Amino acid sequence: MAAALGLLTLWAPLAQGIGFKPELKQELQTELGPQAAGTGAREGTSTMSAQALRYFHGIENASSKRPLLLMTLKSHEVVSLGGDFMPSEEFQSSGEEQRQKQGQGGALPWGIGSPQTGQSYPVFQYSGMPTLDFPKSGIEYSLEAGGNLQSFSSARQDVKILTQVLENITNGFYLDTNGGDGEQPSNTLLLELTGWRGLITEPMLYPYANLWGKMRKAWIFLGCMSPHENATKIGFDYDGNIDENSGHRIHAYPINSFLAEMGGLSTVDFWNLKTGHYEAEVLNETLLHSGSNIEFGVVLVSYDGRGSGLGDSSWVQPRTKADTTDEIWGIFQSAGFNYIGGLDAYLNDDPTPSYEYRDHVFVNPAYFTARNIPVPGTVKAAPPPRLSVISSKARSWQSFWDTWDEGLTHDQEVEVVTNYISRARAAAAPTEAAAKAHRIDPTHRGIQDGETLYNPIPSYNPTRPPPV
């Protein structure tokens, strides 16, 4: 935006030389007023008047968080005659670059649903929500990791959750909000590879396109969670953080709407919660209000504070990280959840070794008690990444690393995950014989007295016509 505005400012005196085709004169007069097309131009062209220049000065004074406004003229409709000014490629690409950053440029690949395309037949055929796509069951994954079973999280959160918190829950249902591209990183892909299924929401267009291409065995939604009980639209900036002034606004629904579309589920065993800095509002609505009828087992939440200038809605008002922490802890306490520890540890800037967590784990005791499973009391995180330190502090830092407790060793985690997969497969094995097509009566004569579909059907008598 800054580059584009700078170019506009430098070239404003030359703007009187921009020429338009004669057939656009009426259109300019309609949009910008009778003086927009001017009368001082040479024959065959019209130049921009002072009113048209004010149009561009308005862009210069607009908020940098809003999309770049362009006049409704196509590039081939701008002509250059003699000394007329012709926009350079740099000038033209500057606006397109911003549109791309805000998620407004380029069409999605065919088959991926979006509110604009309306060309995804699977999406529009199977769901009442225009961007809720059904699971890609029966289709091979398309992962960067290939067929390798590994941790897909940024700090092994998936392994820690599976081996220490969900080790007794197999083939569950997860909810992954703002799930990114579904692999790098992902806190739910490892669960899915062991038999879990779920719903992944992603509000940004290009991560969603990558997510769609991974062929995850989950419902996927181009959008996000609503901060209240109604469907709405939420704005996000280029980094995926909430910003109501952004040019990228996407559909948002409450949890009940999603689950109703997917068959009326009533239990979410694991929720990976990250919504771009309005997690507290989503939690409050989901756990304490419109989603209070849904049973949640474990919630892994990542959050931060919010700056100013993000819009007028209540869920984008400025709030510090400390205040956000207090609000989120209060919501979980009101909903009956226990805090059992943090994941994704990182080092502080203090001269002595200290750390904090980016992710926090809460469990619902009622969920585990109802299944006769011990309630998890703690979760141990992987150590934070090692950083280079001054030699005078090396001894204290080495002691910090040597005494870090991450729960299980690598070999123990491998053993737990291996046993978990075996139990998950056994639990998912069918307990009833599958229906067979040859049990259908080929004679169309119906079931007679003393017969069942499981008994051999007497030979068909061609002289006896089947009933209508």
Thr409 versus Ala231: modelled label distance in nm, points set 7 Å from Cα along the beta carbon direction: 5.4
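Pairs of Cα atoms under 8 Å, at least six residues apart: use those to get the relative contact order of the range 240-338, whole percent. Each step should come with its number before you reach the end.
Values: 122 pairs, mean separation 29.9, N = 99.
With pairs under 8 Å counted, the relative contact order is 30 percent.
Multiply the residue gap between Ile421 and Val375 by 0.36 nm, knock off their C-alpha separation, and tell me the result in nm, one decimal place.
Numbers: separation 46, 0.36 × 46 = 16.56 nm, distance 2.11 nm.
Working it through step by step, the gained length comes to 14.4 nm.
Of all alpha-carbon pairs in the range 316-358, indicate the percentage at a distance above 11 angstrom. If you can, show how the numbers build up before the last one.
Values: 667 of 903 pairs.
Summing the P(r) tail past 11 Å for the range 316-358 gives 74 percent.
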Ordering of 204-216, 360-372 by burial proxy (mean other Cβ atoms within 10 Å per residue, highest first): 204-216, 360-372
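Looking at this model, which pairs from Lys217/Lys274; Lys217/Lys380; Lys136/Lys233; Lys136/Lys160; Lys274/Lys380 are more than 24 angstrom apart at the alpha-carbon? If you can, show how the numbers build up before the last one.
Working: Lys217/Lys274 20 Å; Lys217/Lys380 29 Å; Lys136/Lys233 27 Å; Lys136/Lys160 27 Å; Lys274/Lys380 20 Å.
Beyond 24 Å between Cα atoms: Lys217/Lys380; Lys136/Lys233; Lys136/Lys160.
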Trp329 - accessible surface, heavy atoms, 1.4 Å probe, Å² rounded to 10: 80
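So if I place +1 on the C-beta of Lys and Arg and -1 on the C-beta of Asp and Glu, and nothing else carries charge, what would the dipole magnitude of the range 153-265 be about its Cα centre? I want it in debye, nearest 20.
Dipole about the Cα centre, nearest 20: 300 debye.
Give, in nm to one decimal, the length gained when the segment between Ala366 and Asn348 is fully stretched (0.36 nm per residue of separation minus the Cα-Cα distance).
Details: separation 18, 0.36 × 18 = 6.48 nm, distance 3.55 nm.
Working it through step by step, the gained length comes to 2.9 nm.
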Separation in nanometres of the label points that stand 7 Å from Cα toward Cβ, at Ala429 and Tyr355: 4.1
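Under the 0.36 nm per residue contour assumption, what length would be gained going from the current alpha-carbon distance of Asp239 and Asn168 to full extension? Don't jump to the answer; show the numbers that get you there.
Values: separation 71, 0.36 × 71 = 25.56 nm, distance 3.59 nm.
Between Asp239 and Asn168, full extension yields 22.0 nm more.
The values are calculated or read from the model by the stated rules, or taken from the named source; none is laboratory data. As the structure is a prediction and not an experimental result, all values here were calculated from the model. With ideal geometry, Cβ positions are generated from the backbone for all residues, glycine too; neighbour counts draw on all protein chains shown. Areas reflect the complete protein model, heavy atoms only, side chains present, ligands, DNA and RNA absent. Shrake-Rupley method; radii C 1.70, N 1.55, O 1.52, S 1.80 Å.
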